[in-house]
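To start, the structure itself, in structure tokens.
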Amino acid sequence: MDPLVFLDGTGGLKMDAIRVEIAKLLIRTEAELQDLVLIEREGSRVIHMSIGLFEAAAIRRRLANEPVSRPQTHDLLDNTIAALDARPHHILIRHEENGVFFADLVLERQGEQLVIDARPSDALALCCKLDLPIYADAEMLERLEIERRLLAAPTS
């Protein structure tokens with residue numbers, strides 16, 4: 001399947017994007033960082049990222065459809081977006097540098113797209129609530145796969 005093309009919020013540059021989904025979320029309450037794995041929807045390439053405990057817990061609650069008694073941070077974000085007459089459209093994980101990931105939350109408002117810089121973990125928590133599509137930059141996904149294979153290769 002051909003990758004999709006999106007504007008990446010940097011003045012009209014185009015990037016290829018591949019649809020990914022959450023494959024695994026590992027929460028260890030004694031650890032500061034939690035493990036989140038995204039997998040290519042029609043392939044096997046993965047993105048492994050570390051996220052904070054609170055963001056991981058919010059994603060887990062969303063995936064399990066657990067009700068909350070009071071609005072959480074991501075509910076506030078969703079309500080604010082709606083109050084501004086916009087709606088979330090998709091998430092794009094656009095860049096990785098030294099293990100730090102960068103993402104965009106793409107909104108639609110009055111027929112226009114708004115691109116908002118976001119931490120992937122926050123955008124993913126919102127995504128899980130609203131069942132939004134998640135995309136990853138194709139070049140980044142390929143680079144991460146090459147690095148993963150190199151690290152997994154036996155040493156001589």
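What do you reckon, is L105 in contact (Cβ under 8 Å) with a residue 12 or more places away in the chain and assigned to a strand (DSSP E or B)?
Against the criterion (in contact (Cβ under 8 Å) with a residue 12 or more places away in the chain and assigned to a strand (DSSP E or B)), L105 qualifies.
Could you look through segment 14-59, keep only residues that are charged (D, E, K, R) and crowded, with 16+ Cβ neighbours inside 10 Å, and pick out the one that is nearest to L141 (Cα to Cα)?
By that ranking, first place goes to R45.
How many residues does segment 30-49 contain that are of a type in the set (G, A, S) and touching an Asp or Glu at 6+ places or on another chain (Cβ under 7 Å)?
0
Table: residues versus (1) over 17 Å from L36 (Cβ atoms); (2) not in a strand (DSSP E or B).
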| position | (1), (2) |
| --- | --- |
| L92 | no, no |
| E96 | no, no |
| V115 | yes, no |
| S121 | no, yes |
| L124 | no, yes |
| C128 | no, yes |
| L132 | no, yes |
| A136 | no, no |
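Select from segment 55-95 the residues that are in contact with a strand residue (DSSP E or B) (Cβ under 7 Å, 6 or more places away or on another chain) and without any contact (Cβ under 8 Å) to a residue 12 or more places away in the chain and list them in ascending order.
none
Please tell me if M1 is closer than 18 Å to A138 by Cβ and at pLDDT 95 or above.
no
The values are calculated or read from the model by the stated rules, or taken from the named source; none is laboratory data. Given the structure is predicted, the values throughout are model-derived calculations rather than measurements. Because the Cβ atoms are built from the backbone with ideal geometry, glycine has one as well, and the counts that use them run over all protein chains shown.
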